[in-house]
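I have placed the structure first, in the form of structure tokens, so that the comments after it can refer back to it.
The values are calculated or read from the model by the stated rules, or taken from the named source; none is laboratory data. The shown structure was predicted, so the numbers you read here are calculated from the model rather than taken from an experiment. Heads up, the Cβs are rebuilt from the backbone with ideal geometry, glycines too, and the neighbour counts pull from every protein chain shown. Accessible surface is based on the protein model in full, side chains and every heavy atom, while ligands, DNA and RNA are left aside. Shrake-Rupley method; radii C 1.70, N 1.55, O 1.52, S 1.80 Å.
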Amino acid sequence: MEIVYISENKIFFKNSGQPTELSSQRVEKYKKALESINKRSEWKTSGKGAQFTGSYAPSGEIYAAAAYISGLSKYEDGFLYSINLDGVGGIYKKTTHDDYIEGHVTAKDKLQIRDINIKGNKCTASVGSSDTRNLAVFALPSGGYEELTEGDTREDFPSFSMKNNRILFSSAGLARYPNGAAVVGPYAAMVFELDSGEMNELFYDENFDFIRVKEDAHGNIYYIKRPYGNEKNENILLDIILFPWRMIKAIFGFFNYFSVIFGGQSLRNNKDPRVSANMKMKQKSERELFIDGNVINAERVYNANKQKGEKYPGLIPHSWELIKIDAVSGEKVCIKKGVLDYTICEDGSILYSNGHAIVKITGTKEELVEKCRLANSMIII
């Protein structure tokens with residue numbers, strides 16, 4: 001089996017051996033352009049004059065804009081990937097051969113392009129901004145597109161039905177504070193009928209998000225059900241016991257902060273406080289995950305899943321469940337708990353990511369495909 005997936009904002013190709021990273025030529029081209037610009041204007045940020053004006057920067061330092069690879073989908077002899085780079089959203093064609101010259105489908109300023117899914121010569125995507133997003137369909141290979149929905153909502157995770165001429169997706173309403181800041185409501189499972197142009201709700205519950213809704217070739221519907229909002233700490237008794245210690249720790253941290261700022265030295269030790277702070281930030285980022293507005297203590301979840309005897313413990317809580325609705329009986333079955341993302345294979349097996357590994361499910365058998373952090377958008381080539 002040959003698969004392509006995203007892991008920690010990088011694209012990887014996995015066959016029988018070790019996975020290899022497939023670089024984004026779009027990002028590499030952008031970095032080279034920045035290097036050229038910086039070299040031409042290096043005189044502005046170097047020398048004693050720059051030091052005097054405060055514009056000095058170390059030689060060769062590049063201020064590259066953030067690039068976010070948001071989606072993958074199989075297309076012809078390769079795949080398409082969506083990326084948001086310096087405010088420009090784009091879709092590009094790529095193969096598993098890194099020397100292949102990427103093909104351009106579309107790129108547009110001030111437009112975010114999120115998850116994508118392809119069927120025939122159409123590509124559905126979630127487009128908009130970091131705030132509101134609509135369901136859209138791109139024509140391939142031209143790149144022209146039409147937005148199918150509108151409003152102050154977030155339409156995410158679109159997927160073409162394998163059986164019917166429709167798109168399944170998730171939609172969340174936005175509530176606004178007086179200053180314009182948005183609060184995202186729970187995701188409902190929706191369907192857009194391409195023949196009639198009608199949009200209908202499949203199911204909704206104010207206590208849960210229904211995301212990554214898909215329909216296989218037999219009409220069975222799959223989705224991930226997760227609690228709406230942040231994961232709650234299940235061990236409330238432990239929090240109560242540790243509360244006094246945490247208060248003392250917080251007070252000490254408060255005084256230590258002022259010691260570092262005004263005295264230049266930490267109360268804890270004689271080490272450089274900046275190094276200590278950077279180490280703590282790194283450790284915190286490794287322990288905590290931020291996924292779609294959900295903060296997950298990865299270390300705690302992984303240990304809990306391991307204690308439950310899971311063969312391949314992951315970083316995602318068991319409250320994130322992969323559900324299947326049978327097309328004939330309507331019966332709902334939980335296929336797996338602790339699922340971040342998944343894809344349905346042609347033979348009916350399922351690839352899923354638990355944040356720590358990609359695992360294949362065939363019937364009741366589980367097989368490790370690859371250990372990788374926060375893998376998503378898995379596609380089979």
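So here's what we get for this one:
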item: Index of the failed condition, VAL339 passing every other in (1) touching a strand residue (DSSP E or B) at 6+ places or on another chain (Cβ under 6 Å); (2) surrounded by fewer than 12 Cβ atoms within 10 Å (Cβ to Cβ); result: (2)
item: Members of segment 177-195 found to be more than 19 Å from the chain's Cα centre (by Cα), within 20 Å of PRO158 (Cβ to Cβ) and aliphatic (A, V, I, L, M), listed by number; result: MET190, VAL191, LEU194
item: Residue within segment 236-245 that is open to solvent by 60 Å² or more (accessible area, probe 1.4 Å), modelled with pLDDT of 55 or more and in contact with a Pro (Cβ under 8 Å, 6 or more places away or on another chain) present; result: no
item: Selected residue (criterion: nearest to CYS345 (Cα to Cα)) from residues of segment 54-94 that are open to solvent by 70 Å² or more (accessible area, probe 1.4 Å) and at pLDDT 60 or above; result: LYS74
item: Single unsatisfied condition, HIS97 versus (1) part of a strand (DSSP E or B); (2) open to solvent by 10 Å² or more (accessible area, probe 1.4 Å); result: (1)
item: Test result for GLY143, free of Cβ contacts under 8 Å to residues at least 40 places away in the same chain and not hydrophobic (A, V, I, L, M, F, W, C); result: no
item: Residues that are in a loop (DSSP other than H, G, I, E, B), open to solvent by 20 Å² or more (accessible area, probe 1.4 Å) and touching a residue at least 40 places away in the same chain (Cβ under 8 Å), drawn from segment 1-36; result: MET1, GLU2, GLU8, ASN9, PRO19, SER23
item: Among (1) over 15 Å from ARG212 (Cα atoms); (2) out of contact with any Ser or Thr (no Cβ under 8 Å at 6 or more places or on another chain); (3) of a type outside the set (Val, Ile, Thr), the one test that SER349 misses; result: (2)
item: Check on ALA250, modelled with pLDDT of 60 or more and either on the phi < 0 side of the Ramachandran plot or within 20 Å of the chain's Cα centre (by Cα) (or both); result: no
item: Cross-chain or 6+ apart pairs with Cβ under 8 Å, segment 149-171 first and at positive phi and at pLDDT 95 or above, then small (Gly, Ala, Ser) and part of a strand (DSSP E or B); result: PHE157/SER126; PHE157/SER170
